[in-house]
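Let me begin by presenting the structure, written as structure tokens, before commenting on it.
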Amino acid sequence: MTRAVETTDIISRHLPGVCKVSTDLLREGAPIEPDPPVSHWKPEAVQYYEDGARIEAAFRNYIHRADARQEEDSYEIFICHANVIRYIVCRALQFPPEGWLRLSLNNGSITHLVIRPNGRVALRTLGDTGFMPPDKITRS
């Protein structure tokens, strides 16, 4: 998680007073076997069970509507890796999570999900890198 920690440190300098929380739930991994299968990425089957349960726990723990008593908008910033983001986006939008590998994200990109008080979810941005100079845009 070296890149995620480094990115967190950079962003934190620009958001003084914002609480930082580290969690292993958002660590990179293999969330669920992709469908259709791909030939270029084949982790061991056991990795889907180990990582998948952890990444699903992250989704259930962090992606939810605000408390009904909340009166103002709130924002949470998650700094993690593409597999986790793609899986969470699929789950939040109620798309088949097995399709997560059909989405492609650049390193350091921004994804913006909105969860309304009524539970509706909207994807405002997926993998935006418009803020980066073109020569700095990379993909793993």
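The values are calculated or read from the model by the stated rules, or taken from the named source; none is laboratory data. Every value quoted in this text rests on a predicted model; they were computed, and no experiment measured them. Note: ideal-geometry Cβ built from the backbone for every residue, glycine included; neighbour counts use all protein chains shown. Protein only, heavy atoms only, side chains kept; ligands, DNA and RNA dropped before computing areas. Shrake-Rupley method; radii C 1.70, N 1.55, O 1.52, S 1.80 Å.
Say we look at the stretch 36-50 and pick out the residues that are of a type in the set (Phe, Trp, Tyr) and in a helix (DSSP H, G or I); which of these is farthest from Glu98 (Cα to Cα)? By that ranking, first place goes to Tyr49.
The set of residues from the stretch 9-21 being open to solvent by less than 70 Å² (accessible area, probe 1.4 Å), more than 13 Å from Glu76 (Cβ to Cβ) and either polar (S, T, N, Q) or not in a helix (DSSP H, G or I) (or both) comprises just one member, Ser12. Restricting attention to the stretch 64-96, and to residues there that are basic (Lys, Arg) and out of contact with any Gly (no Cβ under 6 Å at 6 or more places or on another chain), which single residue is nearest to Ala30 (Cα to Cα)? Among those residues, the one meeting the criterion is Arg86.
Going through (1) open to solvent by 30 Å² or more (accessible area, probe 1.4 Å); (2) more than 23 Å from Phe131 (Cβ to Cβ); (3) of a type in the set (Ser, Thr, Tyr) one by one, Tyr87 falls short only on (1).
Kindly establish whether Pro31 is in contact (Cβ under 8 Å) with a residue 60 or more places away in the chain and open to solvent by less than 70 Å² (accessible area, probe 1.4 Å).
On the way: in contact (Cβ under 8 Å) with a residue 60 or more places away in the chain: yes; open to solvent by less than 70 Å² (accessible area, probe 1.4 Å): yes.
Yes; evaluated as a whole, the condition is true for this residue.
Each row is one residue, and each column tells you yes or no for (1) among the small types (Gly, Ala, Ser); (2) touching a Pro at 6+ places or on another chain (Cβ under 8 Å); (3) not in a loop (DSSP other than H, G, I, E, B).
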position: Glu98; (1), (2), (3): no, yes, yes
position: Asn107; (1), (2), (3): no, no, no
position: Pro117; (1), (2), (3): no, no, no
position: Leu123; (1), (2), (3): no, no, yes
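Could you say whether any residue in the stretch 34-54 is among the polar types (S, T, N, Q) and touching a residue at least 24 places away in the same chain (Cβ under 8 Å)? No - not one qualifying residue is present in the stretch 34-54.
What number goes with the only condition from (1) under 23 Å from Asn118 (Cα atoms); (2) assigned to a helix (DSSP H, G or I); (3) among the aliphatic types (A, V, I, L, M) that Val84 does not pass? With respect to (1) under 23 Å from Asn118 (Cα atoms); (2) assigned to a helix (DSSP H, G or I); (3) among the aliphatic types (A, V, I, L, M), Val84 is out only on (1).
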